[in-house]
Amino acid sequence: MGRKDEVPRGYVPVVVGRGKEEEEERFLVHTKLFKHPRFAALLEMAEQEFGYQQPGVLRIPCDVEQFRSVVDAAAAKAKS
């Protein structure tokens, strides 16, 4: 039926981690969460680290637990 790497409509694949010293993890993030101020700050970090011309998947240079915290806060705000 579906391939493992397919992304559902309305979601963006994001790879999170600092690279060499930390293993990276892949997430699927709903596009609504990108409007949250804390998530926007993570996108600015990615822009500063990698620029706008990232090849392939969007990468965010932060630790996985921090990213989960931001996603949880943004998702809670989106539900209210």
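The values are calculated or read from the model by the stated rules, or taken from the named source; none is laboratory data. Note that the structure is predicted; figures quoted are calculated from it, not measured. Virtual Cβ from ideal backbone geometry, glycine too; neighbours counted across all protein chains shown.
List pairs: first residue in the range 18-37 and among the small types (Gly, Ala, Ser), second residue loosely packed, with under 11 Cβ neighbours inside 10 Å anywhere in the structure, Cβ distance under 8 angstrom, at least six positions apart or on different chains.
none
Could you pull out the residue among ALA46, ALA76, ALA40 that is among the small types (Gly, Ala, Ser), without any contact (Cβ under 8 Å) to a residue 24 or more places away in the chain and more than 26 Å from ASP5 (Cα to Cα)?
So the residue among ALA46, ALA76, ALA40 that is among the small types (Gly, Ala, Ser), without any contact (Cβ under 8 Å) to a residue 24 or more places away in the chain and more than 26 Å from ASP5 (Cα to Cα) is ALA76.
Yes/no per residue for (1) touching a Ser or Thr at 6+ places or on another chain (Cβ under 7 Å); (2) surrounded by 14 or more Cβ atoms within 10 Å (Cβ to Cβ); (3) among the aliphatic types (A, V, I, L, M):
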position	(1), (2), (3)
GLU25	no, no, no
THR31	no, no, no
LYS35	no, no, no
ARG38	no, yes, no
GLU44	no, no, no
VAL64	no, yes, yes
VAL71	no, yes, yes
ALA75	no, yes, yes
ALA78	no, no, yes
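For the range 20-32, check the following and say yes or no: at least one residue is in contact with a Lys or Arg (Cβ under 9 Å, 6 or more places away or on another chain), at pLDDT below 95 and of a type outside the set (Asp, Glu).
No.
When the residues of the range 49-60 are filtered to those that are out of contact with any Leu (no Cβ under 9 Å at 6 or more places or on another chain) and in contact (Cβ under 8 Å) with a residue 12 or more places away in the chain, which remaining residue is surrounded by the fewest Cβ atoms within 10 Å (Cβ to Cβ)?
VAL57
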